[in-house]
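Read through the structure below, which is laid out as structure tokens, and then see the notes.
Read the figures in this text as sums done on the coordinates, not as results from a lab. Note that this is a predicted model, so its numbers are computed, not measured. Counting neighbours? That spans all protein chains shown, and the Cβs are built from the backbone with ideal geometry, glycine included.
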Amino acid sequence: MNWKSVLNLMQVERKSGRLIRGKKITKYHENRFLAYWPYWLALAIGIASGVLAGVIYNLATTADPELLSMFQEGTVSIFFSLPTLVLVYSLVFTMMQQIRLSGVKISTQVPYWLPVTWQEHTMASILASLMGFPLASVVFITSIITVFSVFIGQIVTAVLTSLAVLAAAFMASTITEVLRILQVRFIGAVYKSSGRAAVWVRFAGSLLFFILFYIGYFYVTSGGAVTVIQTIASAQTAAWFIPFVWLGISLYYFTYFTVTNLLIGFLFMGLSILFIVGLFFLATKLNMRFGLYEPPAITVSRGVYAPKTGFLGKLGFSTVEAALIRKDLKAFTRRRELMTIFIIPIIIIIVPLMQSIGPSQAMPDALLTIYRAMTFLFPASIMTMSLGSFMIGEEGQSAWRIYASPISAKSLVKSKYFFIVFFSLLVLIVTGIFGFVIYHPTVLYTVVAGLEAVFLVFALSALSLSNGISGADFTETPRPRMIRVEWSFLNLGACLAAGVAILAPFIPYALSSMSGLIPALLGGAFLDPFLALGISAVIAIVLAVIFYRIAISNAKELLKKAEM
Amino acid sequence: MSETSAVELKSVVKRYSEILAVNNIDLNIKKGEIFGLLGPNGSGKSTTLKMLIGLVQPDSGVVNVLGVDVKKDPVAVKQLVGYVPESPRLYEFLTGIEYLDFIGDIYGMQTEEKKTRITEYLKALQLEGREGDMINGYSDGMKQKIALISAFLHRPKLLILDEPLSALDPRSARIIKDFLNQLKNQGVTTIMSTHVLEIAQAVCDRIGIMYHGEILALGNMKELRQMAKLPDSGLEDIFLKLTGTDDIKAVVEELAK
């Protein structure tokens, strides 16, 4: 294997994600130090955390020497849980990364016609998906444990753990590579067999996949890192037959040093290496077989012409606006990277539901209040915020079609705004029904929470759309950006502020119902709920009108400065 | 702007940072003319075409299209123009027919007219049977056909085509060439950029050769031959002589070493 080729390929793939986006540049010079800032940051935080933990350890054990053995034992148990923990987390993140890399086909096709072997290509792909968050986590973990081990005198264990953690992250990335190729082939087979229903099969299949994936993720992480470490530490040796825990087991036996343990440790280390090599071999074979596989074309319909405006015309939309809305509707049901938008509200319903039907115990009133409010207010608001910020950027490189067509700024904003409001209200209806059925709120609560959610939808749609237009990012590779990072944060902050402003008249109610939080502050601060609702409505309308106008003005600028 | 002019550019300048893409050009294209814009890569052809439809704003100068100032009323200009960019990116999640349906609606076509015209074009360009497939399953040639149909669909008065015949099979290319001549007879103006000089020579009434953001030569074949002082030559020799790239023999010999 030519490692120089591997590194070059890997860097090309990763670099595309780092380049300055949304700007016309004629000269570009990358500062290597700044380019790798996540790793430097992870290293700095890791070292600082290690020193802090070490100082705490020293202070604690000096004050109470009996704590020494407890600390030692606890630390070692954490150390040998880390490879399995890193494997699980890296798998989740590398899979998430793959899901978002819809444009990767374009950026990764070049190596296929370069004189690069399949082994080199596969290795580069594995390493590329390891870069970013998974590697930054590994840097953070290894630096924290190495520094802390100096204080507790476990340097050898820490070095071994660091190597095992790195191997675990590589293993996760290799598994992701195998699953990625299999998924492409599997999807192709499904398209072929489903005929004209393929587009809906894909929609339902993708949603199901995302939901199961996220539920699994939340299930694993909902107990927090400490619970996960405890579970792994206790269950790891019992589950010795699962290859994913072999790295942790070998570390366990190396740590509790006896000749027998050393041999067992080497055995499991050898098995781990064999397993990783086997996975890599499998990924390479699959790449050779299906790497260039193109899923068959999806046939949706034959000779169907949409009426000029149809139902949307009756709602007052022009032909242009109706066409844009219909086009966006198809985009959100057919583009995989956009389908993820539907996941958030579903997860927001499912996660509390899972927790509430978990080990049976009465839910505290405060928690119930939060869940109730979450079900009514959050899904629709989050949908609004996300859709608004993506609605223009999702056009991607096809945005020239909008620029080159006789579409006015007003029509563009009107159609996009309608789409956001329509979908968010749909989500509100569904989650509202769920909330009503599950949490049995009073009619007054349902009406107030429902109306507040409607106000939020109308105001936040205009606000996030105006931000989405200003911060639109049409980059499509290696994944669709849709909105520039700084605008995404700005939108989040602005929506949060606007949301608080709209809900302000009800804040005293919320605080009082949350198990009497700061009750003393609330004496006489309650407004009549309908008066509070009226004030909320006025704030929402004012915000909606202002930001709708700003959105139109931003759209005018966008269309004027097309520069495609 | 004269009544016979379809496009008029006056002292137009466009700069990208330190690169001068279009350098103070003046151009007048008559109604019903097929005008070819030629030039080496990076000579400013695509930027000029984009300025005609408002996709790029000139830094200075005036661009008039069919009597409308592009800067003042870009939507009105876009309504009158059919545009195909170089390597057009279509909405790949739509089917061919959905895409054309969308375009028809964007240009405000009546449903029946839209239906009839889409059917005719799909048949002519041999896309029948594939119109219900999602565009991401199309070949480059099929995508180019869809892009061309979307430019012709609303019967524009001006066609702006950037490399229109790239990726097309010979039959489709011939249909498009003949169709452009038919449209010319109906008074439709076409401005096209191409690197295939035989096409330009065969189809265009007048040709403008751009180089370093300027129009180096402008005229019909006879006038270009006179300018290049190559009385019996084809467009390729004229082009190479005028753009100063006639050192080909030396370059090839160097490469072959």
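Listed values, structure above:
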quantity	calculated
When each of B:Lys31/B:Lys145; A:Lys410/A:Lys561; B:Lys50/B:Lys71 is checked by Cα-Cα distance, pairs over 18 Å	B:Lys31/B:Lys145
For chain B, diffusion coefficient by Stokes-Einstein and Kirkwood Rh (Cα), 4 °C, 1.567 mPa s, µm²/s	67
Globularity index of region B:216-257, i.e. its alpha-carbon radius of gyration over 2.2 N^0.38 Å	1.35
Tail weight of P(r) past 16 Å, computed on alpha-carbon pairs of region B:108-173, percent	49
Partners for B:Lys30 among aspartates and glutamates (Cα-Cα distance below 19 Å; same-chain residues under 8 apart left out)	B:Glu3, B:Glu8, B:Asp69, B:Asp162, B:Asp205, B:Glu223
Fewest-first sequence of A:Met123, B:Met109 by Cβ atoms within 10 Å of each Cβ	B:Met109, A:Met123
Pairs beyond 31 Å (Cα-Cα), from B:Lys143/B:Lys229; B:Lys10/B:Lys229; B:Lys10/B:Lys249	B:Lys143/B:Lys229; B:Lys10/B:Lys249
Within straight-line cross-link reach of A:Lys330, aspartates and glutamates at Cα separation under 12 Å, skipping those fewer than 8 residues along the same chain	B:Glu92, B:Glu98
Beta bridge orientation in region B:1-80: antiparallel %, DSSP, nearest 5	100
Ratio of the Cα radius of gyration of region B:1-63 to 2.2 N^0.38 Å, where N counts its residues	1.11
Cross-link reach list, lysines versus A:Lys285, counting only Cα pairs under 26 Å and skipping chain neighbours closer than eight places	A:Lys4, A:Lys105, A:Lys192
Equivalent ellipsoid dimensions for region B:23-100 as semi-axes, Å, which come from the Cα gyration tensor, largest first	24, 17, 13
Residue order, fewest to most surrounding Cβ atoms within 10 angstrom, among A:Asp328, B:Asp178	B:Asp178, A:Asp328
Alpha carbon convex hull of region B:22-158, volume per residue in cubic angstrom	131
Cα pair distances exceeding 54 angstrom across the protein assembly as shown, given as percent	24
Relative exposure of A:Met482, B:Met227, judged by other C-beta atoms within 10 Å (fewest first)	B:Met227, A:Met482
Net charge dipole size for the protein assembly as shown [Lys, Arg +1 and Asp, Glu -1 on Cβ; Debye, nearest 20]	1360
Percent antiparallel among DSSP beta bridges (both partners in the protein assembly as shown, rounded to 5)	60
Relative intensity, log₁₀ I(q)/I(0), of region B:111-219 from a Debye sum that treats every alpha carbon as a point, q = 0.14, 0.22 Å⁻¹	-0.62, -1.32
Tail weight of P(r) past 19 Å, computed on alpha-carbon pairs of region A:362-437, percent	50
